[in-house]
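Just so it is clear, none of the values below were taken in a lab; they were calculated from the coordinates. Here the structure is a predicted model, which means the values were calculated and not measured. No Cβ is skipped: glycine too gets one built from the backbone with ideal geometry, and neighbour counts run over all protein chains shown.
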Amino acid sequence: MKREIAKYVSECDVCKRVKADHLKPGVMLQPLNVPAWKWEDIHMDYVVGLPRTQKGYDSIWVIVDRFTKAAHFIPVKTCYTAATYAGLYISRIVSLHGIPVTITSDRGSVFVSRFWEHLQTALGTKLIHSSAYHPQTSGQVKRVNQIVEDMLRACALTYSTKWDKVCYQKSLNMAPFEALNGRRCRTPLNWSEPGERVTFGLDLVTQAEEQVKFIQSNLKSAQSRQKSYSDRRRRPLVF
């Protein structure tokens, strides 16, 4: 009888029309497009509220490549203007990886300022704003922020400065260093024998192209799993 009552109530037309829905309508998950190459699509965010250093830094500017998951952590000050961030961006990111095609970020005053948008237009970059109260859009950089905060709390940065580049990423099935450079990171634990030299021939280009296809396939599979899991608790929004 309990099952019949629950079914009757759930199908009651009057109840559906009159009773207010106390749950926020969760729309279906819309994953971002899988990047085509390294450092063409990036995420940006901040880690704030850190103890002020002797040089006045109190925040970390986190910039993550959506394709390889490689990240840059730039010490900044909360008093920085959009012009200062633009200069840092060009000197620290563009100088190493070139100009990205898209930038995904939360809607902050820095990123939506007129100067910043004019700068992106001049560089030919498209700025994608994530929806308010929807951190899933910038999920990758949020995850990196969480890792950074955990490592800072554990003082791990005192002992290692390349922890993020060599840590395994499940969605890639490899470390960001390997995805970015096409080979595994050499550490003191795996030095070659004395006199041994590793030569990278013309096959390196072919291997890089095959690796990009492999990463794209892994990212699509990871997005599909994430969407399937997330959509279990969501429903299409009907207007």
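Side notes on the structure shown:
- Stretch gain in nm, segment residue 40-residue 94, where the contour uses 0.36 nm per residue and the Cα spacing is subtracted: 18.4 nm
- FRET efficiency, residue 101 to residue 232 (Cβ-Cβ, R0 35 Å, nearest 0.05): 0.60
- Amide H contacts of residue 80 (H built 1.01 Å from N, under 5 Å, at least 5 apart or other chain): none
- Ranking of 11, 40, 178, 210 by neighbouring Cβ atoms within 10 Å, starting from the fewest: 11, 210, 40, 178.
- For the cross-link pairs 77/220; 7/220; 126/213; 77/227; 69/126; 69/227, the ones whose C-alpha atoms lie over 28 Å apart are 77/220; 7/220; 77/227.
- Virtual spin-label span in nm between residue 4 and residue 121, 7 Å along Cα→Cβ: 6.8 nm
- Net length gained if the chain between residue 53 and residue 33 were fully extended (0.36 nm per residue, minus Cα distance): 3.4 nm
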